[in-house]
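The values are calculated or read from the model by the stated rules, or taken from the named source; none is laboratory data. Remember, it's a predicted structure, so these values are computed and weren't measured experimentally. Cβ placement follows ideal geometry from the backbone for every residue including glycine, while neighbour counts extend to all protein chains displayed. The area values use the complete protein model at the heavy-atom level, side chains included, leaving out ligands, DNA and RNA. Shrake-Rupley method; radii C 1.70, N 1.55, O 1.52, S 1.80 Å.
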Amino acid sequence: MSLDHFRMAEEPFYTPVAGEIALFEAAFHEHVPLMLKGPTGCGKTRFVEHMAWRLRRPLVTIACHEDMTAADLVGRYLLEAEGTVWRDGPLTEAVRHGAICYLDEIVEARQDTTVVIHPLTDERRVLPLDKRNELVAAHPDFFLVISYNPGYQSAVKDLKESTKQRFAAIDFGYAEPAREAAIVAQEAGIAVEVAEKLVRIAIASRNLGGHGLEEGASTRTLIRTGKLVARGIALADACDMAIVAPLTDDRDTRGALRSVVSACL
Ligand SMILES: Nc1ncnc2c1ncn2[C@@H]1O[C@H](COP(=O)(O)OP(=O)(O)OP(=O)(O)O)[C@@H](O)[C@H]1O
Ligand SMILES: [Mg+2]
């Protein structure tokens, strides 16, 4: 088993925003685990997919959640027809076979789950499987990446200091306007002029922060809007459906957003 089904068959489209490709490559080769910080829909997942393709490594993605246990990551004994058998979890598979392991939304996991990555992310680079009494040494190409949205962190839901300090971090933001418009045009299949209007709306919505909006419209939101437009939906309707309505239920904030949209169209 070589995790071949976790390899990218084609190059995932990715437009670099700054020097993040070189930073990722250096961290990968030096075994410095990486934390990608940034708001929702700004390209973190796409970037990791692109880097897995570039470095020709399989990519194992794990969406972290509150009920995730250490066993969900490392594996467990299962009762099967032939008796009790050990099944590696996704993290263990990545460690053994030299994959890039991407723990998405790491703060959602409980801290007692998160600590299983500690011995992997310091000089030891090992994963203890306590139940099996086995110490798995990481494959030289194993690489751990986590994502973290600093926007909506509460004190209860934050990473332990001892977890944070095992990672180097790259800050992600939305691409500058011309580049973001090019990304939206490409991904949604719409004209750049239309994408530019959407980006103007997004920038204005991002500046509404504090007026009832947690985060403004993301690049992902703009791509979704653009796809509706490409399907023949009028731009104003697409904006209402894919930007205004999902972002807020508050009447005043909706009003403010709608004015932003009409001003930009
Ligand atoms: N630099 C970029 N190059 C190419 N596509 C991009 C880029 N940035 C964003 N995108 C597009 O935006 C979409 C959303 O990005 P992605 O899913 O990577 O966001 P994310 O940062 O992982 O968000 P979340 O925190 O919600 O998981 C992607 O599917 C891709 O189409
Ligand atoms: Mg993501």
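If the condition is being more than 16 Å from ligand 1 (Cβ to nearest atom) and surrounded by 14 or more Cβ atoms within 10 Å (Cβ to Cβ), then segment 135-145 contributes VAL136, ALA138, HIS139, ASP141, PHE142, PHE143, LEU144. Condition check for MET68 on (1) over 15 Å from GLY98 (Cα atoms); (2) over 18 Å from the mean Cα position of the chain (by Cα): one failure, at (2).
I'd like the residue in segment 146-164 that is under 21 Å from VAL60 (Cα atoms) and at pLDDT below 90 and, out of all such residues, is farthest from ligand 1 (Cβ to nearest atom). So the residue we want is TYR148. Filtering segment 65-110 to residues that are touching a residue at least 12 places away in the same chain (Cβ under 8 Å) and among the hydroxyl-bearing types (Ser, Thr, Tyr) leaves THR69, TYR77, THR92, TYR102.
If you go through segment 100-147 and keep only what is more than 25 Å from THR45 (Cβ to Cβ) and either within 16 Å of ligand 2 (Cβ to nearest atom) or small (Gly, Ala, Ser) (or both), you end up with just ALA137.
For segment 199-227, a tally of residues being under 16 Å from PRO177 (Cα atoms) and in contact with a Ser or Thr (Cβ under 6 Å, 6 or more places away or on another chain) returns 3.
Just to be sure before I move on: is VAL17 touching a residue at least 24 places away in the same chain (Cβ under 8 Å), outside any helix (DSSP H, G or I) and away from ligand 1 (no atom under 14 Å from the Cβ) in the structure I sent? It is false that VAL17 is touching a residue at least 24 places away in the same chain (Cβ under 8 Å), outside any helix (DSSP H, G or I) and away from ligand 1 (no atom under 14 Å from the Cβ). Only one entry in LEU34, LEU23 is open to solvent by less than 20 Å² (accessible area, probe 1.4 Å), more than 23 Å from ARG206 (Cα to Cα), in contact (Cβ under 8 Å) with a residue 12 or more places away in the chain and not small (Gly, Ala, Ser), namely LEU34. The condition of being closer than 27 Å to PRO150 by Cβ, within 16 Å of ligand 2 (Cβ to nearest atom), part of a helix (DSSP H, G or I) and open to solvent by 10 Å² or more (accessible area, probe 1.4 Å) holds for only one of ARG254, ARG179, ARG220, ARG200, that being ARG220.
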